[in-house]
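No lab work stands behind these numbers, since they all come straight from the coordinates. Computed from a prediction, not measured in an experiment: that's the story for all the values here. Glycine gets a Cβ as well: all are built from the backbone with ideal geometry, and neighbour counts include every protein chain shown.
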Amino acid sequence: MSILEVKNITKEYPSFKLDNVSFNIEEGSICGFIGRNGAGKTTTLKGIMGLIHLNSGEIKVFGRDINEHEAENRQEMGFTLAETMFYPDAKIGALTKVTSKFYPNWNQDTYEKLCKRFSLDQNKKIKELSSGMKVKYNLAVALSHGAKLLILDEPTSGIDPVSRDEILDIFKMIVKEGKRSILFSTHITSDLDKCADHIVYIKKGKIISSKTKEDFINDYKYITGPMSEFESIKDKIVSHKEDKGEFTALIPSEKCMGIPAKIKQSTPDLDTIMVYEERKDDLEDETFVI
C-alpha cells in the first residue's frame with residue numbers, strides 16, 4: 001500500500017523548474033531521495049509538506065489529498081528541513097511542552113521513553129545539541145505524536161560516522177513493524193547502501209529513476225579495462241574516467257553483451273552510479289571547464 005503518492009508536481013522559479021515529479025512510497029519502507037545539490041530535493045519535500053505553492057500536480061498521503069485533508073495529514077507526518085534552527089536558546093523540555101500542544105495524539109509516555117533511549121537531556125538547550133542529537137530530538141517528537149510518515153531533509157549531514165550508523169539503525173527500527181515509512185534526502189549515498197529499500201533519483205528537477213534499491217543498482221555495471229579496449233565500448237557507456245592507460249566507466253547492464261574479456265565487470269554502489277551519471281552531464285555541458 002502506498003503511504004505517499006506524488007503525481008506530476010511542478011514548481012517554476014526564474015532559474016529552476018521542478019518538472020512533473022512523480023513517485024510513490026510504500027508502507028513500511030525507507031526511501032532514499034538522491035541527487036546533487038540544486039537538483040530539486042528540498043523543493044520537492046517542501047511541496048509535499050505544503051510549505052511552497054506548487055504550480056500543478058497532486059499529492060496524496062494515506063490516500064488523502066494533501067490540501068483537502070491538511071490538518072489530518074499533518075498529525076500523521078513528521079518533517080525536518082536541513083539546517084533548521086528553532087528557538088536555539090530554548091531548553092528541550094520547554095520547547096517540547098509547547099510543541100506537544102499542537103498534536104491531539106501526543107503521547108508523553110512515548111516521548112519520555114524515546115528521550116531516555118536517545119539520551120536526550122531535557123535541560124539542554126537546542127543550540128547545545130550536536131547535529132546527531134538534533135536528529136534524535138526531531139525523531140522523538142515525530143514518533144510521540146504518532147507520525148507514520150517521516151520526511152527528513154539531509155538528516156545525516158554533518159554527523160560523524162558512528163552517530164550516523166546509530167541513526168540509520170533507528171530508522172530501521174522505526175519501519176520494522178511495517179506501519180511507518182521514511183523518505184529522506186541525502187548526498188551521503190553510503191547511508192542508503194545500509195538502510196534504504198527504495199531509491200528516487202532526481203536530476204535537474206526531473207525524476208530519472210524510482211525503483212527498489214536492488215533494481216536501481218542492477219540497472220548498471222561498473223567496468224574497468226585498458227584504454228586499448230575503450231573504443232569497443234565507448235558508445236555504450238554512461239561516462240568514464242581515464243588514468244595511467246586504463247579507464248573506468250559506468251554502463252547500463254542491458255548493454256553489457258559482447259564486452260571483451262579484458263574488461264572487468266562488477267556491481268557498482270550508489271555513490272559510483274551517481275558520480276558517473278552526474279559526470280555525464282558535466283562533460284556534455286559546454287560551459288564546464290577544467
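Values for this structure:
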read-out: Selection from Thr156, Ser56, Thr44, by position along the positive dipole direction of the chain (Cβ); value: Thr156
read-out: Whole-angstrom gap from the range 121-160 to the range 193-266, using each part's C-alpha centre; value: 36
read-out: Ranked packing of 258-265, 225-232, 156-163, most packed first, by mean Cβ within 10 Å; value: 156-163, 225-232, 258-265
read-out: Charge dipole (the chain, unit charges on Cβ, about Cα centre) - positive-most of Ser15, Tyr111, Gly178; value: Tyr111
read-out: The chain - charge dipole about Cα centre, Lys and Arg +1 at Cβ, Asp and Glu -1, debye rounded to 20; value: 820
read-out: Enclosed volume per residue, in Å³, of the convex hull spanned by Cα atoms of the range 219-284; value: 84
read-out: Fully extended contour minus Cα-Cα distance, from Thr212 to Ser228, at 0.36 nm per residue; value: 2.2 nm
read-out: Spin-label model distance (nm) - Glu70 vs Lys176, 7 Å beyond Cα toward Cβ; value: 3.7
read-out: Options Met227, Ser239, Ala249, ranked by Cα towards positive dipole end of the range 219-284, top entry (Cβ charges); value: Met227
read-out: Cβ crowding within 10 Å averaged over residues, with 111-120, 187-196 ranked highest first; value: 187-196, 111-120
read-out: Largest to smallest principal axis extent of the C-alpha atoms in the chain, angstrom; value: 67, 41, 38
read-out: Cut-off under 5 Å, modelled amide H: who pairs with Ile208 long-range; value: Tyr201, Ile202, Lys203
read-out: Cα shape, the range 105-198, gyration tensor, a/c 1.5 rule; value: oblate
